[in-house]
Amino acid sequence: MTKFDRIFWSFEASYESIKSNKFRSFLTTLGVIFGVASVITMMAVGKGTQKEILNQIEVIGAKNIIIESIQKDLIPDNNQENLSDISNKLNLFDIASFKNIINTISFISPYSCNSSDIIYKGRNTKGIIAGVNSDYFKIFNLSINGKYFSNKHLLMANSVCLITLELKKKLFYDINPFGQYIKVNNIWYKIIGIVDNSNIKQISDINIDFLKNQNTIYIPIKTYKLRNNKNISNKISDKSKNSSYKSEKQLFLSKNQVDKIFIQVKEIKDLYFTGKLVSKIISRKYKNNSFNIIIPLQILKQHKKTKRLFSIVLGVIAGISLLVGGIGIMNIMLASVYERIKEIGIRMAVGASKIDIISQFVLEATLICSIGGIVGIILGIIMAKTVTYFTGITTIITLSSIIISFSISIFVGIFFGYSPAKRAAKQNPVFSLRHE
């Protein structure tokens, strides 16, 4: 008998044994099935998380820094407190300071906003009007159909605007919005462009409501300060009648005050240095700690690290289920050896060697795990798709995850099948033949 014939005979004997004990074989494979399915699902979740993080970094910008005021835009009754509060808020002059001092800055934009009623020919909706400059759209990789704000728009505080794609769909339907006028807080603005910010919806790990709002109108920052700050200016004027100097200074500061400043550095390696320098400049200028400096890349990396650790833990749990499945296979195979002692004795009596007996039982265990691995792969794909469908969590099934999980199932079969196979091969043929 050739070597190939021996292998074929062992395979055939293993197949017949599995076929004759279908239910027991099925129960034996369950541990491997769920173990492989768990490994594939967990790896799919981990890969999907990694892809999601990369998408978020791409959308938000890997080189961005966000500076925001913690305090809200309140006007206290006391004039001195009023002046102090306004003096300790971000303003347009900070942008000029950052540009002059920090040479690693590529783009920088102010940001101020408030909620508004947006009207076009009797159609109206609630939304946000935001004052920015043209750098804002470059910082957040927002695609523009139409024109950016020109230098003239920004310097002369022209009443022009860019609207989001969602707002265009709500108010204009199939009408071309370019050149049309839209009414916001009783002021008319000419539409010069459309902003597509639909990709921002996928961002979940950072609080960026200023980007996520789909009903947003963008106008030049000076236009915003002149036309949308009248209520604050009136309050300051009413409460500062006793001091014309204070009144003028408060009005001046109020008209240059902004909610946030966004910065994009030239290179990623400049990110942390620039963040520290910005922090020092702000802490020297403003004595109170009323500002947050956010580096989205740091936050996303921390989320990535946390999710990766979570995926590893889940992967270990899935691996344990495979281990349990392997132990189950070993126990079943040991029981099978005991049940088939007489069969082993007959085969050894007709010329089967110890290697043949070992091959038969190892192949049997490996075949069981292979079947379990194939079914587990199918179940794992279904489970991954189910997770995405019901939870919205991104899952990506890769060929490598399938190969790894199937290879592990084969290894489990060989590893846990060898001990019962070795025990079977050690049986004394004489005593085996007498076994009842």
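Were the residues from residue 226 through residue 186 laid out at 0.36 nm apart, the gain over their Cα-Cα distance would be 13.0 nm. Simple spin-label estimate for residue 138 and residue 70 gives 3.3 nm between the two label positions (7 Å along the Cα-to-Cβ direction from each Cα). If you take all other residues with their beta carbon under 12 Å from the beta carbon of residue 144, and give Lys and Arg +1 and Asp and Glu -1, the sum is +1. Pairs with C-alpha atoms separated by more than 29 Å, drawn from the list 225/285; 126/285; 63/285; 147/170; 51/89; 63/126, are 126/285; 51/89; 63/126. The packing ranking, built from the mean of other Cβ atoms within 10 Å per residue, places the peptides 275-281, 290-296 in the order 290-296, 275-281, highest first. Counting 0.36 nm for each residue step from residue 399 to residue 305 and taking away their Cα separation leaves a gain of 31.5 nm. Descending by average beta-carbon neighbour count within 10 Å, the peptides 136-145, 256-265 line up as 256-265, 136-145, the highest first.
Carbon-plus-sulfur accessible fraction, segment 135-189 (probe radius 1.4 Å, protein heavy atoms only): 49%. Descending by average beta-carbon neighbour count within 10 Å, the peptides 172-179, 60-67, 317-324 line up as 60-67, 317-324, 172-179, the highest first.
Extension gain, residue 269 to residue 286: 0.36 nm times the residue separation minus the Cα-Cα distance gives 3.4 nm.
3J(HN,Hα) along segment 395-400: 10, 10, 8, 10, 4, 5 Hz, from the Karplus curve 6.51 cos²θ - 1.76 cosθ + 1.60 with θ = phi - 60°, whole Hz, x for Gly and Pro. Projecting label points 7 angstrom from Cα along Cα→Cβ for residue 279 and residue 323 puts them 4.1 nm apart.
Backbone geometry of segment 122-129 corresponds, through the Karplus equation with coefficients 6.51, -1.76 and 1.60 at θ = phi - 60°, to 3J(HN,Hα) couplings of x, 8, 9, 7, 8, x, 10, 10 Hz, x marking Gly and Pro. By definition, a body whose alpha carbon gyration tensor gives a ≥ b ≥ c is prolate when a/c is 1.5 or more and a/b is larger than b/c, and segment 99-195 fits this prolate description.
Summing charges over all other residues whose Cβ lies under 12 Å from the Cβ of residue 181, with Lys and Arg as +1 and Asp and Glu as -1, gives +3.
Local charge for residue 102 was computed over the other residues whose Cβ lies under 12 Å away, with Lys and Arg +1 and Asp and Glu -1, and equals +2. Here residue 51 and residue 422 are evaluated by their C-beta separation; at R0 = 56 Å the FRET efficiency comes out at 0.80. Using the Cβ-Cβ distance between residue 124 and residue 385 with R0 set to 41 Å, the FRET efficiency from 1/(1 + (r/R0)^6) comes to roughly 0.50.
The values are calculated or read from the model by the stated rules, or taken from the named source; none is laboratory data. Predicted model only: the values in this text are computed from it and were never measured. With ideal geometry, Cβ positions are generated from the backbone for all residues, glycine too; neighbour counts draw on all protein chains shown. Ligands, DNA and RNA are excluded from the accessible area calculation, which covers all protein heavy atoms including side chains. Shrake-Rupley method; radii C 1.70, N 1.55, O 1.52, S 1.80 Å.
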